[in-house]
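Just below is one structure, and these are the notes that go with it.
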Amino acid sequence: MQTTADITIIGAGVIGLAVAAEVANEKRQVYVLERNATWGQETSSRHSGVIHAGIYYPINSLKARLCVSGNRILYRLCQQNNIGCSKLGKLIVATTAKEVEELETLIQRGNSNGALGLEMLSRKALKQLEPNVEGMAAIFSAETGIIDSHALMSYFAAKAKSNQAQIVYRTRVVGIEKIKDGYQVEVVDSEGGFSFFTRVLINCAGLSCDKIAGLAGINIDDAGYRLHYCKGEYFSLSNAKRGLVSHLIFPVPPPRVTGAGIHVVMDLDGRLRLGPSIDYVDVIDYSVTDKHKQLFYDATKRFLPFIEIDDLQPEMAGIRPKLQGPDESIKDFVIKGEGDKGLLGFINLVGIESPGLTAAPAIARYVGSLVAELL
């Protein structure tokens, strides 16, 4: 690495890579610093791989706006760059009269957000689409799909590198000092420690974004930036049940739940999984056991009557960097320059969880506009 940079991005998950691909060019010295051995090793590779339509999020929130925009950009990117994806469509299934009422709220919110292809289905219409799914009514979301997130990250990384960005692995940021015209960044790698100057510093550190904000001198509690780790487990379904559904199947999320609920995820090869669960934790731990098998079975049996408990096998887990704690209302993405805190040139991305994958290219454009005001 050189001793000076124009832009430094901390974190090489899907968001950091997308931002790098957006802001790098041959006139800028751009670095991406990643503490792991390669890109996409944490939240970006441990999720359901769903391209969301923009139904759940508060109207006019960044989550809603960037999800809807990102959805459209992603499908174009996939088509133009041979990135695996499939616009399967999604059903949000109501199994009680109360949930049918909630469907009305969800479809109104989705339409207000600009989500395309939403349709309310009767029980008869639901059964015509999915004979093996049980419900009183459903929302059909035609623009929901799935994506090969590894291929997407590979595309962003390759584009960033072609635009002269350098991705530096096994490098951990341990100090940030605001100095004239930029930041002195202290890092540790396999050969020891060193520091360098950067004009713009972009925090895309995912699970550690609050810690990076703290290193820059921000009181993360006063700013509302402290993260809550939320573990989501996934269970795979027996291959004998492959082909019994052809869409993504979601429940109606209960009030104040911090996710979409345990749902049916289909991989590009047709394999079925259930997840993610919601479990707030204090430490990052990706282990999955049979402990929660009954929870997954009970959560999905009501709308997937063909599932038997022996069909479920523990598969993987991810950790979501949530800004809202247990039983709190949904909180929006934080994506902002911190000039009002005396940190001109420091751009924070905090709490980028779902729909972060869908929103990634739109987030990158948003950050690019912030960078354009600085350089």
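Laboratory data are not the source of any read-out in this text; all were calculated from the coordinates shown. It should be emphasised that the depicted structure is a prediction, and the values quoted were computed from it without experimental measurement. Backbone-built Cβ (ideal geometry, glycine too); neighbour counts: all protein chains shown.
Overview of values
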item: The chain: relative contact order as a whole-number percent, Cα under 8 Å and 6+ apart; result: 24
item: Filtered trypsin sites (Lys or Arg not before Pro), segment 208-282: DSSP coil and at most 16 other beta carbons within 10 Å; result: R242, R256, R271
item: For segment 93-158 and segment 1-47, distance of Cα centres in Å; result: 33
item: Taking N as its residue count, the alpha carbon Rg of segment 123-216 over 2.2 N^0.38 Å; result: 1.85
item: Distant alpha-carbon pairs in segment 16-168 (separation over 27 angstrom), percent; result: 37
item: Least to most buried among T38, T300 (fewest other Cβ within 10 Å first); result: T38, T300
item: Order of C209, C78 - criterion: other Cβ atoms within 10 Å of each residue's Cβ, fewest first; result: C78, C209
item: Relative intensity, log₁₀ I(q)/I(0), of segment 1-52 from a Debye sum that treats every alpha carbon as a point, q = 0.27 Å⁻¹; result: -1.06
item: Ascending count of other beta-carbon atoms within 10 Å, so fewest first, for I92, I7; result: I7, I92
item: Compactness relative to 2.2 N^0.38 Å, alpha carbon Rg of segment 241-375; result: 1.33
item: Neighbourhood net charge (12 Å Cβ-Cβ; Lys/Arg +1, Asp/Glu -1) for A260; result: +1
item: DSSP-loop GluC sites (Glu not before Pro) across segment 157-212, with at most 13 other Cβ within 10 angstrom; result: E191
item: Rounded to 5, percent antiparallel among DSSP beta bridges of the chain; result: 75
item: Inter-label distance for S195 and N81, nm, one decimal - labels placed 7 Å from Cα along Cα-to-Cβ; result: 3.6
item: Pairs of lysines in segment 246-363 (C-alpha under 25 Å apart; 8 or more residues apart or interchain); result: 8
item: The chain: projected area of the alpha-carbon convex hull, averaged over directions, in nm²; result: 18.1
item: Whole-number D in µm²/s for segment 26-102 (Stokes-Einstein; Kirkwood sum over Cα pairs; 25 °C, 0.890 mPa s); result: 152
item: Net +/- balance of residues flanking R271 in space, Cβ distance below 11 Å, scoring K and R +1, D and E -1; result: 0
item: Segment 234-305 - charge dipole about Cα centre, Lys and Arg +1 at Cβ, Asp and Glu -1, debye rounded to 20; result: 360
item: Radius 13 Å from Cβ of Q184, net charge of other residues (Lys, Arg +1; Asp, Glu -1); result: 0
